[in-house]
1. Count the net charge of all other residues whose Cβ sits under 13 Å from the Cβ of Ser287, scoring Lys and Arg as +1 and Asp and Glu as -1.
2. Before anything else, pin down the relative contact order of segment 1-159: Cα pairs under 8 Å, at least 6 apart, normalised by residue count, whole percent.
3. Below 11 angstrom from the Cβ of Ala35, what's the summed charge of the other residues (Lys, Arg +1; Asp, Glu -1)?
4. Cβ under 10 Å from Cys220's Cβ, Cys220 left aside: what net charge do those residues give with Lys, Arg +1 and Asp, Glu -1?
5. Taking R0 as 41 Å, what's the FRET efficiency between Ala171 and Lys26 from their Cβ-Cβ distance, rounded to 0.05?
6. Using 7 Å Cα-to-Cβ label points, what is the Ala37/Asp63 separation (nm, one decimal)?
7. Considering only DSSP states other than H, G, I, E and B, which chymotrypsin sites (Phe, Trp or Tyr not before Pro) in segment 112-166 qualify as loop sites with at most 16 other Cβ atoms within 10 Å?
8. Given +1 on the Cβ of Lys and Arg, -1 on the Cβ of Asp and Glu, and no further charges, what dipole in debye does the chain carry about its Cα centre, rounded to the nearest 20?
Amino acid sequence: DSKVEEYDFPAILEQIHEEVQEHLDKGEVADYIPALAEVPKSKFGMALAMLDGDVYTVGDAEDYFSIQSISKVYSLTMALDCIGADLWKRCGREPSGNSFNSLVQLEHENGIPRNPFINAGALVVADVLAKHFDDPKQAMLDFVRARAGDDSIESDPEVKKSEAEHGHRNAALVHFMRSFDNIDSAVEDVLDVYYHHCSLRMHCADLARSFLYLANRGQCRHSDCQVINPERAKRINALMLTCGTYDAAGDFAFHVGLPAKSGVGGGIVGVIPHVAAISVWSPGLDSKGNSLAGGIALDRFTQLTGLSVF
Ligand code: GLN
């Protein structure tokens, strides 16, 4: 067993970068949000942020892209800080086995979403933020900028507008849950908070750094801030492992073996507890809405290094 310091991470990332080239064309860029359909499929970036502060990158690791559902990890962290375990009265903790934007289970389950990472659950979380903060969008920006150590992070107004114009399913989800009294705020306020965080623009290096608190018992490395306690970090990691890649979570655990969160912008961030956080970006998606080459790259990384939770 080699020690983490002995790995040649630059060479490993370079090798993966070469290996994924043949897969970049195979996925489909998300087009249900038209602004996302404009991003070229040839893009690929990867970043590994170590707990000691080193960050290794390859490819387009400093190109900003739309983080989409990866933002649901930040919003969950903030909502748990606002209302703690009361959140679990309004949202479950089981994998859904359905697509991320599905409506079907809600009818039979009294408007309680299966987990906080499918759209329904993240919309309940957005409702908590809308209720709790005077300026929930600024609170989110402050949180994300501090975690990434990048004050230039913004929400992309074009993407946000595009999401809102084509967000009939999300609007339906909020209305439907409100009919079960599981939404307190005005529907448009919930959607505004949700689209704002889905439209955040970050790059791979930002993303990897920003997830270090989850690899480090809740403590952010560069800001030295205890963001959450170790128990909560453990729980969020467990939710990412079981629900972070939607109805592909089982397969993702099988291949990659890390708590991870994906987004339809083609980003995926994984947590290697006590060691590092790793992110990858490639806009072509598989049929479940996860980055196709991104999944392959993370699979190769954990195979080549043995750095997985299993
Ligand atoms: N904003 C997207 C949506 O609401 C997020 C989905 C995703 O990244 N899986 O559909």
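1. Working: positive: Lys26, Lys288; negative: Glu28, Asp247, Asp251, Asp286.
After counting each charged neighbour, the total is -2.
2. On the way: 144 pairs, mean separation 27.4, N = 159.
Here the relative contact order equals 17 percent.
3. Numbers: positive: Lys160, Lys161; negative: Asp31, Glu38, Asp156, Glu158, Glu163, Glu165.
Around Ala35, the charge tally is -4.
4. Details: positive: Arg147, Arg209, Arg221; negative: Asp224.
Its environment carries a net charge of +2.
5. Working: r = 32 Å, r/R0 = 0.79.
Calculated transfer efficiency: 0.80.
6. 1.9 nm
7. Details: sites: Phe117, Phe133, Phe143; in loops: Phe117, Phe133.
Here the sparse-neighbourhood loop sites are Phe133.
8. The calculated dipole for the chain is roughly 860 debye.
Each value in this text was obtained by applying a stated rule to the coordinates, not by laboratory testing. Small disclaimer: the values here were computed from a predicted structure and weren't measured. All Cβ positions, even for glycine, are placed from backbone atoms using ideal geometry, and neighbour counts span all protein chains on display.
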